[in-house]
Amino acid sequence: MLNQRLERLGEYAFKRLEQLLAGVTPATNEPPLKMSVGEPQHQPPALLAETLAQNAHLWNRYPPVAGTPEWRQAVAEWLGRRYRLPAELIDPDKHLLPAAGTREALFMVSLLCLEGAQRDPAPAVLMPNPYYQVYSGGGIIAGGEPVFLNATPQTGFLPDLDALEPALLARAGLLFLCSPANPQGAIASLDYWQRALGLARQYGFTLVADECYSEIYGDVPPPGALEAAAATGSLDNLLVFNSLSKRSSCPGLRAGLIAGDARHIAMFTRLRSYGGAGVPLPTIAAATALYRDEAHVEENRRLYRAKFDVAARLFGTRHGFYRPGGGFFLWLDVGDGEQAARTIWREAGVVTLPGGYLARPDQTGFNPGAAFIRIALVHDLDTTVAGLTRIARALDQHVAAAAAE
């Protein structure tokens, strides 16, 4: 017998994309290019390979769930520098936990915080819409009810917290927020984080801050949920997730971190002891070295800024282009994301992702991502320029043809 909740997960976005483009042959001799997946392609710093090699003798040891004292200290110091935190806010031994990337941990946090099989109605799992599908997947498997909060241009591409009904908040188990947002690149202000954390404490749910894109930004570092917590001197009701995948261009390393409420961290450690993958000791050593180095992160940001400069020149004010506050995606308003993705693949040989695949229709049938496509600026500059040029040309031709009809 299989877990029937799996039926509620539906197809993952990239499976739907594969089905959408099946049977469509690009009418171009240019090489196919995938710009749909947010997989950083920048070269990781040499420090990564060097540290892994130096610690290769540790591959034959089971890793401790809590990581090493060196890792915990390095992460605590990085968080303190990055978010200007008082030293006493984060105890390295009580408030930190490594994870094998953040996908697994973001899935498991619902198992940590929900008692779905024991409550009727099921606890609500609140998340922005569009959303990272792991949020809803974990919530469903844990017995929760995903509740999708539209994040549109009118709400600044973040959920409107003031619009949440007290009855919904009262049965919430989790609120997921992502800043910089995937896919829109919107940045939550410090006031916004403080409002979200205040609601979590008022109603007794856990605020989950997904900050995986925190180190990819323009000129000003995005504020984080830990800063909001610092103003109160407490990490209660808060878990922050981050990783090196985007910060250090090493998604294959699978090195994430969880920071927050000591009670949550203690129980998360127990949960991960049963069902989580421990982070190998050479990986922990590499992560420790990477968190102690900022030079490669600054270079990483410079590369992304250059690609956004190109996008701004190529698109101007067309196709709903705007420069996001953070992250590495373009979120273009093209009217019909599915149609545009098929057109771009057929005319330009470039794969993009329909925004509707990252969102759910609300009760009125409105899908806040349906009009958009997501483009990942993860390749080197020359490849990105070529891909964006082909996309812009295809969209311009599409608009011109539609206007002529």
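Remarks
- Residue in region 66-86 that is at positive phi and crowded, with 21+ Cβ neighbours inside 10 Å present: yes
- Exactly one residue among 48, 9 is among the aliphatic types (A, V, I, L, M), touching a Cys at 6+ places or on another chain (Cβ under 9 Å) and surrounded by 12 or more Cβ atoms within 10 Å (Cβ to Cβ), and that residue is 48.
- Checking each residue in region 277-319 for being assigned to a loop (DSSP other than H, G, I, E, B), surrounded by fewer than 20 Cβ atoms within 10 Å (Cβ to Cβ) and touching a residue at least 40 places away in the same chain (Cβ under 8 Å) picks out 277, 278, 292, 293.
- Boolean, residue 19 is surrounded by fewer than 17 Cβ atoms within 10 Å (Cβ to Cβ), among the polar types (S, T, N, Q) and in a loop (DSSP other than H, G, I, E, B): no
- Residue 386 being at pLDDT 95 or above, hydrophobic (A, V, I, L, M, F, W, C) and out of contact with any helix residue (DSSP H, G or I) (no Cβ under 6 Å at 6 or more places or on another chain): yes
- Within region 100-123, the set of residues being out of contact with any Leu (no Cβ under 6 Å at 6 or more places or on another chain) and not in a loop (DSSP other than H, G, I, E, B) comprises 103, 104, 105, 106, 107, 108, 109, 110, 111, 116, 117, 118.
- Residue match in region 382-396 (condition: without any contact (Cβ under 8 Å) to a residue 40 or more places away in the chain, over 30 Å from residue 44 (Cβ atoms) and among the small types (Gly, Ala, Ser)): no
- Residue that is nearest to the chain's Cα centre (by Cα), among those in region 157-185 that are small (Gly, Ala, Ser) and over 17 Å from residue 209 (Cβ atoms): 163
- Filter pass, residue 142 being surrounded by 21 or more Cβ atoms within 10 Å (Cβ to Cβ), touching a residue at least 24 places away in the same chain (Cβ under 8 Å), out of contact with any Asp or Glu (no Cβ under 6 Å at 6 or more places or on another chain) and in the same structural domain as residue 169 (by TED's automatic domain parsing): yes
- Unique match (being in the same structural domain as residue 351 (by TED's automatic domain parsing), of a type in the set (A, V, I, L, M, F, W, C) and without any contact (Cβ under 8 Å) to a residue 24 or more places away in the chain) among 87, 53, 76, 22: 22
- Leading residue by the ranking (surrounded by the fewest Cβ atoms within 10 Å (Cβ to Cβ)) among those in region 327-362 that are part of a strand (DSSP E or B) and out of contact with any Asp or Glu (no Cβ under 9 Å at 6 or more places or on another chain): 333
- Filtering region 126-160 to residues that are over 24 Å from residue 275 (Cα atoms), hydroxyl-bearing (Ser, Thr, Tyr) and outside any helix (DSSP H, G or I) leaves 131, 152.
- Of the residues making up region 372-384, just one is buried (at least 24 other Cβ atoms within 10 Å of the Cβ) and in a helix (DSSP H, G or I), namely 384.
- Condition check for residue 119 on (1) more than 20 Å from the chain's Cα centre (by Cα); (2) modelled with pLDDT of 95 or more: one failure, at (2).
- Pairs with Cβ under 8 Å, 6+ apart, first in region 238-252 and assigned to a helix (DSSP H, G or I), second crowded, with 23+ Cβ neighbours inside 10 Å and among the β-branched types (Val, Ile, Thr): 245/102; 246/216; 247/216
- Restricting region 222-270 to residues that are hydrophobic (A, V, I, L, M, F, W, C) and surrounded by fewer than 17 Cβ atoms within 10 Å (Cβ to Cβ), the residue that is modelled with the lowest pLDDT: 231
- Residue ID - surrounded by the fewest Cβ atoms within 10 Å (Cβ to Cβ), chosen from residues in region 145-168 that are of a type in the set (A, V, I, L, M) and touching a residue at least 40 places away in the same chain (Cβ under 8 Å): 168
- Looking only at residues of region 186-219 that are over 19 Å from residue 132 (Cα atoms), touching a residue at least 40 places away in the same chain (Cβ under 8 Å) and in a loop (DSSP other than H, G, I, E, B), we find that the one that is nearest to the chain's Cα centre (by Cα) is 218.
- From the list 365, 369, the lone residue that is assigned by TED's automatic domain parsing to the domain that holds residue 26, assigned to a loop (DSSP other than H, G, I, E, B) and touching a helix residue (DSSP H, G or I) at 6+ places or on another chain (Cβ under 6 Å) is 369.
The values are calculated or read from the model by the stated rules, or taken from the named source; none is laboratory data. All of these numbers come straight from a predicted model, not from anything done at the bench. In this analysis, Cβ positions are derived from the backbone assuming ideal geometry, glycine residues included, and neighbour counts consider all displayed protein chains.
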